[in-house]
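Everything on this sheet refers to the single structure shown next.
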Amino acid sequence: MKGMEKKTYRKISEKITLTLAVWLFIITALATFFSYLHITSIVTSLVMENLDKYIEVRSDRESQVFRLATKNQQILAHRLEWHLKNGLDRVDERFNKIFRKYPDGATREKDEIDNKLHPSYFLPNFQKIDKATKERSIIMYDFLDRECFLSTATFSDCWVADAWGSLGTLLEEEVGYSAKIPGDFKNMDQIWMQNIIPENNPNLEQKWTKTYYDPAWQVWMITLATPIVVDGKFTGAIGNDIFVGQMLDRIMKFKLSGTKNLVINSEGYMVAHPKLQDQIKQSDALLKVSDLKDKDPLMEKIFLTAKKELPFEKDDHDGHVFDLGSKDLIAIGKVKGPNWYLVTLYPKSLIQTAAFNSSRYILFFGCISLILELFLMMRLLKEKLARPLKSLVTTVQQVSAGDLGAKVTMRTRDEFEILGDAFNEMTYNLGISRAESHDAMNKAIEAARVKSDFVANISHEMKTPLNGILGMTHFLNDTNLTDEQRKYANLITESGNSLLAIVNQVLDVSKIDAKKMELAEVEFSLNKLLEDVYTLNHFVAKQKGIPIDMESSVTEEERPFVGDPDRLKQILNNLISNALKFSDMGSVLITVNEVGRSENTRRIRFVVKDQGIGISEEAQSRLFQPFTQADMSMSRQYGGAGLGLYIVKSFVTLMNGTVGVKSIPGEGSEFWFEINLGFGAAPQSIAPPVVIPTTPKVTLPILVVEDNFVNQVLTEALLKKLEYTSKVVNDGQEAVNIFEEGKFCLILMDCQMPIMDGFEATRQIRKKESQDFRIPIIALTANTENDNRQVCLDAGMDDMLSKLVKVAIFKEKLEYWLTQSQKKL
């Protein structure tokens, strides 16, 4: 791919960008945006002009009923004053015909009077009923009956009251209104009388009350009262009540689409608000706009603007539109009479919507232009962009599928051709790299396999002579030796065991690195395991004069623990062995506690604490790495291959646990780990070891199948010491042949042998033996891992023994299986 001739390219952006920029920018951005802004300005002016007219007309219409009430009362007040001045004849006769006194002491119209046609009248129980009172009451009653009947067609009612306490009303829809008034009712204390008495109204003018709640009628109302003056003296009042509930509902309901109406009086009290009606009622119509400045500050701003720009003291104009910087235009009109400000909130979003609707035709034609432009662009992009991309994508898919020979072919003379050439060169180099990587991976896999096989083989080959060394040393110790000779024999045994421990550690590391280490899931007793660990390390601790203390708060429950007891025991032995190795004084403390629990598991924390040399903080960071010690000089002073802690961490990790260390140089170390242990499937106890009461009597020989001469001698000697006879063969084929010729009570089978290994020999023997008797076959092997044990069982063997097994265990296994075979005979 190298050495290609240099070509001249044109940028693809030069083919498309110019057309895209001109059409989109000119047609869409300029035409639509500026036309929209212009129409918005025009619509805003029109809306404000029409809204100004609307609020003036609406305010004037709402003021009509109040103007009518004002004029009507002025006329009625003059007529009532005239009647009161001229007096009345036959006062007592007429009074007694209409009124009577009731049990509460008050005087009211008689029951037979129909209040739907005639007024209802009340004189309190504290008012003196003299001739003047009677005359005044008859005149007012007749006035209501005769003059005020037409007022009820426009207003809620018509009423009169004198300055001494009497009260009369004409309300067509209310029957027996005076009967609802308490006998000691004082009309002079009411808001509509207090509003006009001379003390509060020196000029004796007509006055509107604030909005208030009348408990007798149980409605919200507003009242216009006109003072009655006879001979220059305040005599009473005439008035109309207007039920404002329906009026305010109408003001809020009948509004411009999308707007909101509300009412504020001239003193700053809220009269009507679509969202605050309940709050207004609860405050007895005393909710001030200043109380809403935290919740709705616009209300106070509206009121202050209305007081400043539209005061009721001036009569220049009745409405105006304001822009107070909020999301709404504010239209304010004056409702004269009660001095209310009618406010309409007109959302500016309506103007924007109207402007958009007005400019939709421009947008429509702009969209048509864009469609045409897009059509032209699509053809251009299809020709200049889509086809090259499709070719490139197809080739990429072929390469991703594994075809590194696929090539991109383009002659566009632009960036796509550059991209295609670069891609082709990349796939060429990728093919070379993949081939090299594949070869390297195969070599790495083969190297790992060779390493694993080598470690397994070298382990087996080392264990075989070790078996001879340790076994022969054992027999040597049983002979008559001098003290010096026995000392040397013990040193040989100790050195052999140390070498065996290193071999086992290397084998474990090999399995860990190869991801072949598997954990068992069996039931076990934790307390029994701890006892075994203590017993195993007690001898070494006693030799060094360092006591081992073990404290466990974990109780054995009905169900046993489930896990890998062998690996757990190996972890604890490694940690305790290190603690003893690096301690010359003090003690070693092992603590076991339960730190957590779930439905199926218990989390157990193990701690091994010593008072040894300690570990520096820098050295702690590399403790759990393979072939590593805190200080390389330690390997010379204390020995060890530096594999123990790596194996500990690996086993704990496999158990989904955690491990750590705390240490201070010169004071000691504390190693800890936490793991989860499961529960057994059913309640049961750990079965005690089988005790064979007597040694079985054996007359037949034991067949030993072993290819190594040293192991042959060692096994024969061991059997002879246990008073068994034996027959030795060198491989599996000989074992099969001799099994057919003679009888044996048990077979000790090596696994790795020339000609025929132990597994195949076992399978052959199982095929040839009779159904009446199954001869016990015990594997003798240097590899005692769980997976190898299963291979032995699958081949037909009954049990497995290590070639480095102790005499007591060897004896126990033989006696058990010989006893089992005799039971079957």
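Just going by the charge dipole of the range 702-823, with Lys and Arg at +1 and Asp and Glu at -1 on Cβ, which of VAL705, ALA717, ALA761 is farthest out on the positive end? Value: ALA717. Among 482-488, 69-75, sorting by the average number of other beta carbon atoms lying within 10 angstrom of each residue, highest first, gives 69-75, 482-488.
Taking every protein chain into account, the accessible area of the range 702-823 amounts to 47 square angstrom per residue (probe 1.4 Å).
The charge dipole of the range 746-822, taken about its Cα centre with unit charges on the Cβ atoms of Lys, Arg (+1), Asp and Glu (-1) only, comes to about 140 debye.
As a calculated quantity, the FRET efficiency between ASP278 and TYR102 at R0 = 51 Å, using C-beta atoms, amounts to about 0.85. Between the range 227-251 and the range 510-574, the alpha-carbon centres lie 103 Å apart.
The residues of the range 522-674 present an accessible area of 49 Å² per residue when probed at 1.4 Å with all protein chains retained. Take the cross-link list LYS569/LYS803; LYS210/LYS301; LYS721/LYS813; LYS528/LYS662; LYS308/LYS348; LYS569/LYS811 and give me the ones stretching past 26 Å between alpha-carbons. Violating the 26 Å limit, Cα to Cα: LYS528/LYS662.
For the range 63-243, the solvent-accessible area with a 1.4 angstrom probe is 48 square angstrom per residue. Amide H to amide H, with H built 1.01 Å from N, LEU643 comes under 5 Å of PHE627, counting only residues 5 or more places away or on other chains. Under 16 Å of direct C-alpha separation, and excluding same-chain neighbours fewer than eight residues apart, LYS334 reaches these aspartates and glutamates: ASP52, GLU56, ASP60, GLU62, GLU267, GLU309, GLU313, ASP315, ASP316, ASP318. In this structure, the residue pairs whose Cα-Cα separation is over 31 Å, taken from LYS53/LYS275; LYS180/LYS336; LYS288/LYS327; LYS255/LYS293; LYS207/LYS260; LYS116/LYS233, are LYS180/LYS336; LYS116/LYS233.
Overall, the accessible surface of the range 522-674 at a probe of 1.4 angstrom is composed of carbon and sulfur to the extent of 51 percent. For LYS542, the lysines whose Cα falls under 16 Å of its own Cα, not counting residues fewer than eight places away in the same chain, are LYS581.
Backbone amide hydrogens, once placed in the peptide plane, bring LEU329 within less than 5 Å of TYR346, LYS348, excluding anything fewer than 5 places away on its chain. Here's the picture: charge each Lys and Arg Cβ at +1 and each Asp and Glu Cβ at -1 in the range 63-243, and of ILE181, ASN203, ALA161 the one pushed furthest to the positive end of that dipole is ASN203. Think of each Lys and Arg Cβ as +1 and each Asp and Glu Cβ as -1; about the Cα centre, that makes the dipole of the range 57-174 roughly 320 debye. For LYS720, list the aspartates and glutamates whose Cα falls under 16 Å from its own Cα; do not include residues on the same chain fewer than 8 positions away. Straight-line reach from LYS720, under 16 Å: ASP478, GLU812, GLU815. Contact order, relative form, for the range 715-821: 24 percent (alpha carbon pairs under 8 Å, 6 or more residues apart, mean separation divided by residue count). Per-peptide packing, taken as the mean over residues of other Cβ atoms within 10 Å, places 706-714, 431-439 in the sequence 706-714, 431-439 from highest down. A crude spin-label estimate for the pair ASP799 and ARG90, with each label 7 Å from Cα along the Cβ direction, gives 14.2 nm. Along the axis of the charge dipole computed for the range 522-674 (Cβ charges of +1 for Lys and Arg, -1 for Asp and Glu, origin at the Cα centre), the listed residues ILE613, SER669, THR658 are led at the positive end by ILE613. For ASP731, the residues whose amide H sits under 5 Å from its own are GLU706, ignoring neighbours fewer than 5 places away on the same chain, with H placed 1.01 Å from N. Net charge dipole, the range 522-674: roughly 360 debye, given to the nearest 20, about the Cα centre with Cβ charges of +1 for Lys and Arg and -1 for Asp and Glu.
The values are calculated or read from the model by the stated rules, or taken from the named source; none is laboratory data. It should be emphasised that the depicted structure is a prediction, and the values quoted were computed from it without experimental measurement. Every residue, glycine as well, gets a Cβ built from its backbone with ideal geometry; the counts of neighbours run over all protein chains shown. To get the accessible areas, we keep the full protein, side chains included, count just its heavy atoms, and leave off ligands, DNA and RNA. Shrake-Rupley method; radii C 1.70, N 1.55, O 1.52, S 1.80 Å.
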